[in-house]
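Here is the structure we will look at, set down as C-alpha cells.
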Amino acid sequence: MDISVVVPLFNEAESLPELVSWIEKVMAAGNFSHEIIMIDDGSNDGSWKVVNKLSKEYPSVHGISFRRNYGKSAALFCGFDKAKGDVVITMDADLQDSPDEIPELYRMIKEDGYDVVSGWKQHRKDNKLTKNLPSKLYNATARKITGIKLHDMNCGLKAYKNEVIKSIEVYGEMHRYIPYLAKNAGYSNITEKPVHHEKRKYGKSKFGMNRFVNGFLDLLSLWFLSTFGKKPMHFFGYSGIFMFIVGFVMTVWIIVAKLIHQANGTLFRPVTDQPLFYLALVAVLLGAMMFLAGFVGEMISRTSTERNSYNIKAEF
C-alpha cells in the first residue's frame, strides 16, 4: 500500500464528508493505493456515525472510536499502530489542511528520501494576535531546544516513512514534537514543506492559549528525558555536587571570617545571625538531596525494561 492517511478528530462531523471526498479525489488522480484511518477522540456531535456512513461509501475508510476524549497524541498512537502504507500522512479533520499537498509529500518521502516532512503554514488564516504571535515564539523556542530547523513544529499536516512511526511512541501531549521523537530515534533526515492553510469552514477551534504553556512544559520534559532519561545521575549528580560545594565554601568562608575577627579582637556577628549562613545551609541540603535523587533515578533507570532498547538500522 502506498499511503495511509491518519486523521484524528474531535467533534468534526460537518467537515468529514467533504474531507474524505477531497482525499479520495486526490488519491484517484495520483493512482495511489491507500487507506484513511479516522480516529474519533470521544466526539459527542455524531462524528462516529458519519465515519461509519463514510466507511460504507468508501472501502478505504477505517475507523477507531474512543469511549472518551484522550487527546490527539492517543489518537495518533492508535492510528500509527494500524497504518500499513509505505508513507503515512497525518492531517487534521477541520479542512484547514489541504489534501492536495499529499502527492508532493509522498514524493519527498519516496524519491527524495526524507524520513519526516513537516508542513509549514507560511500564510496562516488564524487570528494574528491569539495564534500567530504565540506560535512564532513557541516555534522559535522549539528550534532552539530541539536543534530541528522547522518553522511550524505543531503543523498537523506531516508525512513519515512507515518505519519512523513504528519506531516512536506518542503519548501525553507529545504529538507536537513527533519530529523531535523521530530525531531521538535516529531518523534525522527531516525537512519541511510550505503548505496551503485553509480558513476553518465548520465548527470552532479546539485549541486555547493554554496549549502554548503546556507545549513549552512538554518540550522541557521531552528534552530532559531524551538527554538524561538513561543517565539521570549526569544531571542530578552534577547539579547536586555543584550546589553542595557552593554551600560548603560559603560555610567555610563564614567560619573563617568569624575566627579572624575573634583573633583580632574586632566585633563580629554570630554565625546564626547571618543570612548567608542559612543560604549556605540550604545549598548544602539541596545539593545532598539532588545527589540522592540522581542516585535513585539511576537505580530506576538500571532496572527499566527499556534500558537496552535501541533502534537498529541494519544487521547481517
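For the pair residue 145 and residue 198 in one chain, pulling the backbone fully straight at 0.36 nm per residue adds 16.1 nm over the alpha carbon distance. Between residue 82 and residue 45, the modelled label-to-label distance comes to 2.1 nm, taking each label 7 Å out from Cα in the direction of the beta carbon. Which pairs in the list 121/161; 136/199; 49/166 are over 26 Å apart, alpha-carbon to alpha-carbon? Going by Cα-Cα distance, 49/166 fall outside the 26 Å limit. Among the protein heavy atoms, those of residue 245 account for about 90 Å² of accessible surface (1.4 Å probe, every chain in place). Using the beta-carbon distance between residue 258 and residue 169 and R0 = 51 Å, what value does 1/(1 + (r/R0)^6) give for FRET efficiency, to the nearest 0.05? Calculated value: 0.35. With a ≥ b ≥ c taken as the square roots of the eigenvalues of the C-alpha gyration tensor of the range 19-147, please select rounded if a/c is under 1.5 and otherwise prolate if a/b is larger than b/c or oblate if it is not? Verdict is oblate for the range 19-147.
In what order, largest first, do 111, 35 sit by accessible area if the probe radius is 1.4 Å? Could you put the intermediate results ahead of the total?
Details: 111 135, 35 10 Å².
Output order, biggest surface exposure first: 111, 35.
Rolling a 1.4 Å probe over the protein heavy atoms leaves residue 123 with an accessible area of roughly 140 Å². Between residue 268 and residue 295, the FRET efficiency from the beta-carbon distance, with R0 = 41 Å, is close to 0.60. Can you tell me how the range 1-43 classifies by the Cα gyration tensor, rounded, prolate or oblate, using a/c under 1.5 as the rounded cut? The shape class here is oblate.
The values are calculated or read from the model by the stated rules, or taken from the named source; none is laboratory data. Small disclaimer: the values here were computed from a predicted structure and weren't measured. Here Cβ is always computed from backbone atoms with ideal geometry, including for glycine, and neighbour counts include all displayed protein chains. Ligands, DNA and RNA are excluded from the accessible area calculation, which covers all protein heavy atoms including side chains. Shrake-Rupley method; radii C 1.70, N 1.55, O 1.52, S 1.80 Å.
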